[in-house]
1. Are any residues in segment 146-164 polar (S, T, N, Q) and either open to solvent by less than 30 Å² (accessible area, probe 1.4 Å) or free of Cβ contacts under 8 Å to residues at least 24 places away in the same chain (or both), and if so, which ones?
2. Please work out which one of (1) assigned to a loop (DSSP other than H, G, I, E, B); (2) out of contact with any strand residue (DSSP E or B) (no Cβ under 6 Å at 6 or more places or on another chain) is the condition residue 113 fails and give its number.
3. For segment 334-358, how many residues are among the polar types (S, T, N, Q) and outside any loop (DSSP other than H, G, I, E, B)?
4. Looking at (1) of a type in the set (Gly, Ala, Ser); (2) touching a Ser or Thr at 6+ places or on another chain (Cβ under 9 Å); (3) modelled with pLDDT of 70 or more, which is the only condition residue 40 fails?
5. Among what's in segment 185-202 and is polar (S, T, N, Q) and out of contact with any helix residue (DSSP H, G or I) (no Cβ under 9 Å at 6 or more places or on another chain), pick the residue that is least open to solvent (accessible area, probe 1.4 Å).
6. Mind checking which residues of segment 117-145 are among the aromatic types (Phe, Trp, Tyr) and open to solvent by less than 20 Å² (accessible area, probe 1.4 Å)?
7. Count, please, the residues in segment 273-291 that happen to be more than 19 Å from residue 70 (Cβ to Cβ), in a loop (DSSP other than H, G, I, E, B) and open to solvent by less than 30 Å² (accessible area, probe 1.4 Å).
Amino acid sequence: VCSMGNSTGRLYSVLAKTLSSGAVSQHQDCLKQPDSAQLGPIDPKDLLEECQAVLQKRPPRFQRNFVNLKKIAASNHRPIRVMQWNILAQALGEGKDNFVQCPMEALKWEERKCLILEEILAYKPDILCLQEVDHYFDTFEPLLSRLGYQCTFFPKPWSPCLDVEQNNGPDGCALFFLKDRFELINSTNIRLTAMKLKTNQVAIAQTLKCNETGRLFCIAVTHLKARTGWERFRSAQGRDLLQNLKNITQGAKIPLIICGDFNAEPTEEVYREFSNSSLNLNSAYKLLSPDGQSEPPYTTWKIRPSGECRHTLDYIWYSQHALNVNSVLGLLTEEQIGPNRLPSFNYPSDHLSLVCDFSFNQDPDRLL
């Protein structure tokens, strides 16, 4: 194995295979590119160390703590950790989003991808739901499959990434779950409709069986239409998604978790539709508020040429009759985020990751 600067041999053999940069192309004589399915498992601790080696010149990762919310007797079963994150498509970050306070050097994929992986590895989700994934086939699927995840990707039909020169293909939603914890029962890719028209937004919904409890539940990931002026469109997309999920969960008989960047503040109609749905959904991050009724003040914070944008757009919805929220990951403070906002050398996306630990309601009538 050839060396690559200060990187270790393991780093070169694991991470460098996912790079499409000039740094790798200079060492093609040393590289072998076997199919990820033919490669052995990766020790997550080793991969985390390798990411940290790449990031050694960057500031350390922000410290975030879990807030314990569970007030009922402890369950005999391990909680299910779910992570939701819009990771910022590389093509958009470098080409279209125009973060005026973020140096281009901070957006380099070779390092930014290690920041993303470091965040995932630090929280060790059982289920990972991502949006704006445009490096699925060369980075996330090869690496996460070797960490024990089953991986699914559904790209947008007309991804804006394709308008950017030297793009890496379309962005889309991706869903990953640990194969040793869950069995896939059913998987559905959904192209969302609005006003009976097919749209550019998508969702993935998978019914899983928890190996430890034998319980079924549905996990869904989505990314609704962005920008002001599209509120009715988002509402129509939300109604379509809810109808699909009603069918998949047999009218909420199967517990449901929905992760997504809804591009909608809590004041929007689509938020109210999810809150008032017959699926009996609640938003997990509301539980951080003193009264349990208010969403966080922000899940994204960035500066563009048009000005500073601080919004709550990202949510983890869950079936409150069937699932308990044991804990949630606290958000970054304004001081941690800093005056230049996100993304930055410290943090790889303009959206914060959300992480929740769920347990099943012990009501025997809910056993499936």
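The values are calculated or read from the model by the stated rules, or taken from the named source; none is laboratory data. Bear in mind that the values here come from a model prediction, so they are computed numbers and not experimental data. As a convention, Cβ positions derive from the backbone with ideal geometry for all residues, glycine included, and neighbour counts pool all protein chains shown. Calculation scope for accessible area: heavy atoms of the full protein, side chains included, ligands and nucleic acids excluded. Shrake-Rupley method; radii C 1.70, N 1.55, O 1.52, S 1.80 Å.
1. 152, 159
2. (1)
3. Step one: of segment 334-358, the residues among the polar types (S, T, N, Q) are 336, 340, 344, 346, 349, 353.
Checking the rest, the ones that are also outside any loop (DSSP other than H, G, I, E, B) come to 336.
Qualifying residue count for the region: 1.
4. The single condition residue 40 does not satisfy is (2).
5. Of everything passing the filter in segment 185-202, 187 is least open to solvent (accessible area, probe 1.4 Å).
6. Correct list: 123, 136, 140.
7. Matching residues across segment 273-291 total 2.
Residue by residue, here is whether (1) modelled with pLDDT of 95 or more; (2) surrounded by fewer than 22 Cβ atoms within 10 Å (Cβ to Cβ); (3) over 19 Å from the mean Cα position of the chain (by Cα) holds:
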residue: 316; (1), (2), (3): yes, no, no
residue: 320; (1), (2), (3): yes, yes, yes
residue: 323; (1), (2), (3): yes, no, yes
residue: 327; (1), (2), (3): yes, yes, no
residue: 332; (1), (2), (3): yes, yes, no
residue: 338; (1), (2), (3): no, yes, yes
residue: 341; (1), (2), (3): yes, no, yes
residue: 349; (1), (2), (3): yes, no, no
residue: 353; (1), (2), (3): yes, no, no
